[in-house]
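Notes follow the structure.
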Amino acid sequence: MFGSKMKVSTAGHEIRSIINEVEQLLSEARTSTGEKAAELEKRSLQLLSSTISKTHELEKIAINSAKDIATSTDNIVHENPWRSMAIAGLLGAGIGLLAGFALSRN
């Protein structure tokens with residue numbers, strides 16, 4: 001899971017860098033004409049495509065992390081069903097007590 005966090009962080013930095021580069025290219029394109037403008041447009045579209053692929057990569061990492069967490073939680077609950085029920089009950093009672101105290105103050 002730590003590797004996934006590193007991938008997300010790296011991909012996030014890359015996306016920010018690409019977006020900054022696209023902004024610079026578009027700024028240059030505003031003042032350029034002819035062949036230079038066409039080249040800047042082409043480069044901007046390539047960077048946009050790269051950003052989209054990085055975003056898809058982040059999506060896959062997020063989905064896999066969520067699946068891992070769900071599987072881990074499911075395994076823990078199946079291995080310790082009574083403990084899980086006790087923890088859930090205690091949490092519910094604690095939230096109920098806090099809500100009761102908050103309502104009684106009003």
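Of note:
- Contact order, relative form, for the chain: 26 percent (alpha carbon pairs under 8 Å, 6 or more residues apart, mean separation divided by residue count).
- Whole-percent carbon and sulfur share, accessible surface of the chain, 1.4 Å: 62
- Residue by residue, segment 21-30 carries 3J(HN,Hα) couplings of 5, 5, 4, 5, 4, 5, 5, 5, 5, 4 Hz when phi is fed to the Karplus relation 6.51 cos²θ - 1.76 cosθ + 1.60 (θ = phi - 60°); x denotes Gly or Pro.
- Separation of segment 36-51 from segment 65-106 is 50 Å, based on Cα centroids.
- Efficiency of FRET from Cβ geometry, Trp82 and Glu23, R₀ 41 Å, rounded to 0.05: 0.15
- When the residues Leu58, Leu90, Leu48 are ordered by accessible surface, computed with a 1.4 Å probe over the protein chains alone, the sequence from largest down reads Leu90, Leu48, Leu58.
- Which label in (1) 78; (2) 68; (3) 73 gives the computed percent of Cα pairs over 16 Å apart: (3)
- Ile61-Thr33 FRET efficiency (beta carbon distance; Förster radius 35 Å; 0.05 resolution): 0.25
- Here each label is just a point 7 Å from Cα along the line to Cβ, and for Lys54 and Glu41 those points are 2.5 nm apart.
The values are calculated or read from the model by the stated rules, or taken from the named source; none is laboratory data. Since the structure is predicted, the reported quantities are computational estimates derived from the model, not experimental observations. Using ideal geometry, Cβ is built from the backbone for each residue, glycine included, and neighbour counts are taken over all protein chains shown. Quick note on the areas: whole protein, heavy atoms, side chains included, nothing else; ligands and nucleic acids left out. Shrake-Rupley method; radii C 1.70, N 1.55, O 1.52, S 1.80 Å.
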